Structure formats: C-alpha cells, structure tokens
Amino acid sequence: MTFFDSEIVRSEMAEISELQEEVYSNVMKFGYMSKDDQIYHVEILERLIDKQKILYARLSLSDDPGAKQMKDDIRKSATMMGLPENMDMNLIFGQMTQMIEVMKVNLT
C-alpha cells in the first residue's frame, strides 16, 4: 500500500483542495466582505493551514517515494515563492499560524 492509497490521506488531500479553492475564490474580495464573512474566511484559512501542516508531517514521516516526491515539490514551490531553500517548513507553518492569530485579533 502506498502513501496515497490511504483513505485518510486521500480524504485529507481532498479537503485541502476544497479549502484552497474556497480561500482562493474569496481572497480578492476580503476587503469588501462583512466582518462576519471575514472572520469565516480567516477560520477557513486557519483550517487549511492546520491540514497542510498535518499532511506535511505525514509526508515527512513516510518512506513512500511518492510522499517524498510530494514533500520535495512542496519545498520547491516554497522556494519559487521566495523562501530560502533550507527553510524549515514547520517554521513557515508556525509563522502562518501567528499571522492568522493576528488577523483574528484585528477582526474582533
């Protein structure tokens, strides 16, 4: 059984994809949203980051070649977005979580 054969992994990846679509579809509208809609958007973003962090941890613990490739692809994507090659992704997730907390405080 490969990493991606796991029902849990497939389910989590599907949910990540759905959350990403929702976040991306509303990100440009954020400034025009009601306060309640902004709070909801930030909660969705928080769920997405939490799920991505868990998936990345699973990828890091797996010996499956496909999982290793996906982890490498994530790191390459992060580098293409301007992050240093040797950046600890857990640090990135932590910084994203801190940013979400600041957004939540500013919205309440």
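The values are calculated or read from the model by the stated rules, or taken from the named source; none is laboratory data. Remember, predicted model here, so these are calculated numbers, not experimental data. Here Cβ is always computed from backbone atoms with ideal geometry, including for glycine, and neighbour counts include all displayed protein chains. With ligands, DNA and RNA removed, areas are computed over all heavy atoms of the protein, side chains included. Shrake-Rupley method; radii C 1.70, N 1.55, O 1.52, S 1.80 Å.
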Of the residues in segment 1-43, those that are within 19 Å of the chain's Cα centre (by Cα) and among the basic types (K, R) come to R10
Restricting to segment 1-13, and then to whatever is among the aliphatic types (A, V, I, L, M) and assigned to a helix (DSSP H, G or I), can you tell me which residue is surrounded by the fewest Cβ atoms within 10 Å (Cβ to Cβ)? I8
Can you tell which of L59, L48, L55 is in contact with a Leu (Cβ under 6 Å, 6 or more places away or on another chain), surrounded by 16 or more Cβ atoms within 10 Å (Cβ to Cβ) and assigned to a helix (DSSP H, G or I)? L48
If D64 satisfies every condition in (1) more than 26 Å from L107 (Cβ to Cβ); (2) open to solvent by 60 Å² or more (accessible area, probe 1.4 Å); (3) of a type in the set (D, E) but one, which is the exception? (2)
Residue by residue through segment 78-89, note down the ones that are in a loop (DSSP other than H, G, I, E, B) and either under 21 Å from S17 (Cα atoms) or touching a Cys at 6+ places or on another chain (Cβ under 7 Å) (or both). M81
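Residue-by-condition table, conditions (1) β-branched (V, I, T); (2) in contact with a Phe, Trp or Tyr (Cβ under 7 Å, 6 or more places away or on another chain); (3) open to solvent by less than 50 Å² (accessible area, probe 1.4 Å); (4) assigned to a loop (DSSP other than H, G, I, E, B):
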site: E15; (1), (2), (3), (4): no, no, yes, no
site: V27; (1), (2), (3), (4): yes, no, no, no
site: D36; (1), (2), (3), (4): no, no, no, no
site: H41; (1), (2), (3), (4): no, yes, yes, no
site: D73; (1), (2), (3), (4): no, no, no, no
site: K76; (1), (2), (3), (4): no, no, no, no
site: I92; (1), (2), (3), (4): yes, no, yes, no
Subset of segment 10-26 [in contact (Cβ under 8 Å) with a residue 12 or more places away in the chain and within 21 Å of E101 (Cα to Cα)]: I16, L19, Q20, E22, V23, N26
